[in-house]
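*Asks:* Please find one structure pasted underneath; my questions will follow.
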Amino acid sequence: MMFSAISSLFQTICSSPHRVIRALTYEPLFSLHSAMIQKEISSTGGAGQHLQGLLVDHLYTCAMKLATSCGYPIDYFVHLHLDSDEELEAERNDVRDILRTLAGSEG
């Protein structure tokens with residue numbers, strides 16, 4: 001199925017080791033979520049409910065890949081006196097915004 005192929009590639013981008021690449025997924029995730037909510041995909045019957053389930057799984061997987069990609073370094077809480085990585089902190093804030101938006105979905 002084409003959706004699976006696209007979804008898989010998008011999820012690969014979400015788990016990229018490069019934060020600039022991962023950041024390219026933020027707006028599309030917000031847009032896809034918004035479209036899913038506004039169009040009420042589930043109202044089109046069985047096929048729509050199946051598509052909505054695929055979209056919810058996709059959004060969840062992307063969000064988790066993003067969240068695990070910008071985790072705290074192993075010794076972060078040991079060396080609290082060191083300056084933090086501001087770019088990583090900004091990325092974490094962006095990912096938190098995505099998670100908050102997606103968590104607001106009714107399922």
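Residues are listed down the side, and each one gets a yes or a no for (1) among the hydrophobic types (A, V, I, L, M, F, W, C); (2) assigned to a helix (DSSP H, G or I); (3) modelled with pLDDT of 80 or more; (4) in contact with a Ser or Thr (Cβ under 7 Å, 6 or more places away or on another chain):
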{"site": "Ser31", "(1), (2), (3), (4)": "no, yes, yes, no"}
{"site": "Ala35", "(1), (2), (3), (4)": "yes, yes, yes, no"}
{"site": "Tyr60", "(1), (2), (3), (4)": "no, yes, yes, no"}
{"site": "Ala63", "(1), (2), (3), (4)": "yes, yes, yes, no"}
{"site": "Ala67", "(1), (2), (3), (4)": "yes, yes, yes, no"}
{"site": "Tyr72", "(1), (2), (3), (4)": "no, no, no, no"}
{"site": "Val78", "(1), (2), (3), (4)": "yes, no, yes, no"}
{"site": "His81", "(1), (2), (3), (4)": "no, no, no, no"}
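*Asks:* Here's something else I'd like to know. Taking interchain pairs and intrachain pairs at least six residues apart, which have beta carbon atoms under 8 angstrom, with the first residue in region 68-82 and open to solvent by 100 Å² or more (accessible area, probe 1.4 Å) and the second in a loop (DSSP other than H, G, I, E, B)?
*Replies:* Thr68/Ser15
*Asks:* Considering only residues of region 84-107 that are open to solvent by 70 Å² or more (accessible area, probe 1.4 Å) and assigned to a loop (DSSP other than H, G, I, E, B), which is modelled with the highest pLDDT?
*Replies:* That would be Asp85.
*Asks:* Give me the pairs: first residue in region 88-103 and of a type in the set (Ser, Thr, Tyr), second residue buried (at least 17 other Cβ atoms within 10 Å of the Cβ) and in a helix (DSSP H, G or I), beta-carbon distance under 7 Å, and six or more apart or on different chains, which are they?
*Replies:* Here the result reads Thr101/His33, each pair linking region 88-103 to a residue that is buried (at least 17 other Cβ atoms within 10 Å of the Cβ) and in a helix (DSSP H, G or I).
*Asks:* OK, next. Condition first: over 15 Å from His33 (Cβ atoms) and open to solvent by 60 Å² or more (accessible area, probe 1.4 Å). Now tell me which residues in region 53-67 satisfy that. If you could, list the steps in order and put the result at the bottom.
*Replies:* Our first condition is that a residue be over 15 Å from His33 (Cβ atoms); within region 53-67, this holds for 65, 67.
Correct list: Lys65 only.
The values are calculated or read from the model by the stated rules, or taken from the named source; none is laboratory data. On a predicted model such as this, the values are computed, not experimentally measured, just so you know. Cβ atoms come from the backbone with ideal geometry, glycine included; neighbour counts cover every protein chain shown. These area figures cover heavy atoms from the full protein model, side chains too; ligands, DNA and RNA do not enter into them. Shrake-Rupley method; radii C 1.70, N 1.55, O 1.52, S 1.80 Å.
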